[in-house]
Amino acid sequence: MTGIIVKAMSGFYYVHTEEQGVVACRGRGRLRHQQVTPLVGDRVELTCQDDGTGRVEAILPRLNQFRRPMAANIQQMVLVASGATPVTDPYLIDRMIAMAEWKGCEPIVCFNKCDLCRMDELAGVYQAAGFQTFQVSAETGEGVDELAAALSGKVSAFTGNSGVGKSSLLNALDPTFALRVGEVSQKLGRGRHTTRHVELFPVRGGLVADTPGFSALDAEEMEQVPRQELAGVFREFAPYTGLCRFAGCAHYKERDCAVRQAVKEGRIASSRYDSYARLYAQALTHKSWPGGGKA
């Protein structure tokens with residue numbers, strides 16, 4: 001039979017099947033020999049044993065796979081951010097957007113804690129760039145129904161820095177989850193990691209992954225988009241990329257660059273371009289990046 005891995009923990013893969021519900025499985029030895037690690041979100045073939053457990057026999061072809069969060073076949077990546085403690089650096093949002101775009105996954109930008117701090121200006125930047133953008137409050141419920149509608153029928157993953165309220169948002173979407181949430185350190189201004197593993201939860205006819213939070217240092221260790229492909233994952237660059245003076249313009253330091261001119265004229269947000277330039281500079285220091293776009 002086939003199913004989808006909804007949780008991976010302590011060497012077990014918990015596979016949801018239509019026939020037998022969730023089956024706790026081990027992976028076949030040949031998967032290790034093939035150096036293939038099953039991921040949450042994987043569609044798999046499995047066999048059931050007499051004691052009710054199962055074996056993952058094979059992993060079906062993936063739409064994509066991510067190193068952070070450790071998940072596969074994600075259709076929508078929900079970048080959860082906050083303008084209240086902890087304050088999310090827009091660069092972290094842009095880095096995850098770039099990765100999602102490269103992996104063939106639709107980014108959604110979600111500003112939580114809008115009851116404490118509204119993010120109208122920054123939300124406008126992402127709306128203007130063509131991204132679904134929400135301002136929500138897990139505490140008051142504001143915007144939660146609108147976010148739920150965007151999740152309906154899709155496989156999505158919540159990601160973001162620690163303390164922004166990913167688990168709290170899932171609890172707001174369905175209080176029966178009763179996920180553990182942590183307090184934000186007032187001294188350090190950042191959250192504590194309360195989610196330790198990736199797990200898929202059913203939400204409004206779709207599936208949503210709760211994932212461990214990360215710090216700015218963790219972000220520096222994430223997969224990177226190759227510099228040759230980086231401009232292509234900043235979607236607001238598209239109207240200008242063919243108008244530069246030089247063919248193959250990197251939009252970094254070249255003269256007569258239409259993208260940089262659009263930034264100067266306010267047609268591309270400077271915060272977005274600054275993130276692009278930062279990512280491009282990092283990519284210049286590496287000959288190649290491991291991994292690839294779609295799996």
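One table, with the values for the structure above:
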quantity: Exposure of Glu106 as accessible area (Å², to 10), given a probe of 1.4 Å and all protein chains; calculated: 70
quantity: Per-residue [θ]222 nm for the chain (sum of -39500 (n - 2.57) over DSSP H runs n ≥ 4, rounded to 500); calculated: -7000 deg cm²/dmol
quantity: For region 116-135 versus region 25-55, the gap between their alpha-carbon centres in whole angstrom; calculated: 41
quantity: Heavy-atom surface of the chain, accessible at 1.4 Å and reported per residue (Å²); calculated: 48
quantity: Which of Gly206, Gln20, Gln261, positive extreme of dipole for the chain (C-beta unit charges); calculated: Gln261
quantity: For the chain, with +1 on Lys and Arg beta carbons and -1 on Asp and Glu, the positive-most of Ala148, Ala172, Ala100 along the dipole; calculated: Ala100
quantity: Where Glu199, Glu45 fall by accessible area, highest first, once all protein chains stay in place (1.4 Å); calculated: Glu45, Glu199
quantity: Arg30 - accessible surface, heavy atoms, 1.4 Å probe, Å² rounded to 10; calculated: 120
quantity: Using θ = phi - 60° and Karplus 6.51 cos²θ - 1.76 cosθ + 1.60, couplings along region 228-239 (whole Hz; Gly, Pro as x); calculated: 5, 10, 5, 4, x, 9, 9, 5, 6, 6, 3, x
quantity: Residue-count net charge about Ser137 - beta-carbon cut-off 9 Å; Lys, Arg +1, Asp, Glu -1; calculated: -2
quantity: Long-range HN-HN contacts of Val22 with modeled amide H, under 5 Å; calculated: Thr17
quantity: Cysteines in the chain lacking a second Cys C-beta under 4.7 Å; calculated: Cys25, Cys48, Cys105, Cys110, Cys114, Cys117, Cys257
quantity: Under 5 Å, built H, 5+ apart or other chain: amide partners of Ala81; calculated: Cys110, Phe111, Asn112
quantity: Gain on full stretching of the segment that runs from Arg278 to Arg255 - 0.36 nm per residue minus C-alpha separation; calculated: 6.4 nm
quantity: Whole-Hz ³J(HN,Hα) from phi, Karplus 6.51 cos²θ - 1.76 cosθ + 1.60, for region 154-168, glycine and proline x; calculated: 10, 9, 10, 9, 8, 9, x, 5, 4, x, 7, x, 5, 5, 4
quantity: Relative contact order of the chain, pairs being alpha-carbon contacts under 8 Å that are 6 or more residues apart, as %; calculated: 16
quantity: Rounded accessible area of Phe246 (nearest 10 Å², 1.4 Å probe); calculated: 90
quantity: Accessible-area composition of region 1-160, carbon plus sulfur, in percent [1.4 Å probe]; calculated: 47
quantity: Order of exposure, largest accessible area first, which applies to His16, His197 with probe 1.4 Å; calculated: His16, His197
quantity: Per residue Cα convex hull volume in Å³ - calculated over region 59-146; calculated: 111
quantity: Placed amide H near Glu57: partners under 5 Å, 5+ positions off or other chain; calculated: Glu45, Leu46, Thr47
quantity: Whole-Hz ³J(HN,Hα) from phi, Karplus 6.51 cos²θ - 1.76 cosθ + 1.60, for region 91-107, glycine and proline x; calculated: 4, 5, 4, 5, 5, 6, 4, 4, 5, 4, 4, 5, 8, x, 10, 6, x
quantity: Gained length - Arg267 relative to Leu243, 0.36 nm times residue gap less alpha-carbon distance; calculated: 7.2 nm
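The values are calculated or read from the model by the stated rules, or taken from the named source; none is laboratory data. These figures come from a predicted structure and were not determined experimentally. Backbone-built Cβ (ideal geometry, glycine too); neighbour counts: all protein chains shown. When the accessible area is computed, the model is the full protein with side chains, heavy atoms only, and any ligands, DNA or RNA have been set aside. Shrake-Rupley method; radii C 1.70, N 1.55, O 1.52, S 1.80 Å.
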